[in-house]
Amino acid sequence: MVEHVDVETVLGRVHVAVAGEGPAVVMWPSLLMDHTLWDAQVAHLSNRFTTIAVDPPGHGRSQPLTRTFTFAECAQVVVDLLDHLGHERGHLLGNSWGGMIGGTFAALHPDRVGCSVLMNATATAASRGQRLEYGALLLAARAMRGIRPPLTTAVLRAFLGPTSLAERPDVVEHVRRTTQAVDVRSVSFAVRSVVPARQDQRAAFSQITTPVLVVGGSEDATFPPDDARTMAAAIPDSELVVLARAAHLAALEVPDVVNRLVDDLLDRRGGAPNHL
């Protein structure tokens, strides 16, 4: 059974979907996505763990944002969630924005984290092209009062690769439905914080001492495999996997593959229920 909980955090009220019992696994999705990105991981893990799937600040059922934020504040949100739900530590699954925050959380709060799986993310600052692309997207979305066609097509091409666009209609529909539901004003603060204001995190990530698996997608146009390799190179003793036939939302596109990778990391590097 899934319980929906609202938690007061440093970035306002954050909504989480909580299921299962046992050690905590916090799941933070990409920009424009909500907790449902992790439905397959919740179903797979909640028989052994307490899964905490996050509507990140300004998204889904969480309180709308009214300002920009830092990655350190996002990491504090994870601390606030764990504290409220009564967990001393938690594993972290993060996608894109969530992957970056997972790295920040592990670097700043090593005593609160177990294993981290950082998917489809980057450790570097945004390129000029990314800043321009997302700036134009926000301007158009504000003018249209939402993410509507043809903007939906642009988002789909940024998030999904040729395999998902051609062969996974359920994934395409999930992304279309979720992005069209966003509050553009609220999400614009998150986009500005995560894209143009993003700082290079490699020095911070070099301080991580806990187990990390970095996952890239071979078809990821937003953060191509080289971004995953750069992130993994910055994190001591991290592991790297680049998934074939996956793009920017691996947990949604190839959930069974991601579930196997998560199981393997948790079993090998201290994530079994009696080890956290």
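Read-outs throughout are calculated quantities, based only on the coordinates presented, and are distinct from any laboratory measurement. Quick caveat, the model's predicted, so the values are computed rather than measured. Cβ: placed from backbone, ideal geometry, glycine included. Neighbour counts: every protein chain shown.
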Using a simple spin-label model with points 7 Å from Cα along the Cα→Cβ vector, what separation in nm is obtained for Gln180 and Arg67? 3.5 nm
By the gyration tensor of its Cα atoms, with a ≥ b ≥ c the square roots of the eigenvalues, what is the shape of the chain: rounded for a/c under 1.5, prolate for a/b over b/c, or oblate? rounded
If every Lys and Arg gets +1 and every Asp and Glu gets -1 at its Cβ, then about the Cα centre the range 45-95 yields a dipole, in debye to the nearest 20, of 140 debye
Relative contact order for the range 156-255: what percent, with Cα pairs under 8 Å and sequence separation of 6 or more? 36 percent
Return the long-range amide H neighbours of Arg13 (sequence gap of 5 or more, or a different chain), with a cut-off of under 5 Å between placed amide H atoms. Gln63
Using 0.36 nm per residue, how much length does the chain from Ser206 to Glu88 gain when fully extended, once their Cα-Cα distance is taken away? 40.1 nm
Return one number: the angle in degrees, 0 to 90 and rounded to the nearest 10, between the long axis of the Cα atoms of helix 255-268 and the longest principal axis of the Cα atoms of the chain. 30 degrees
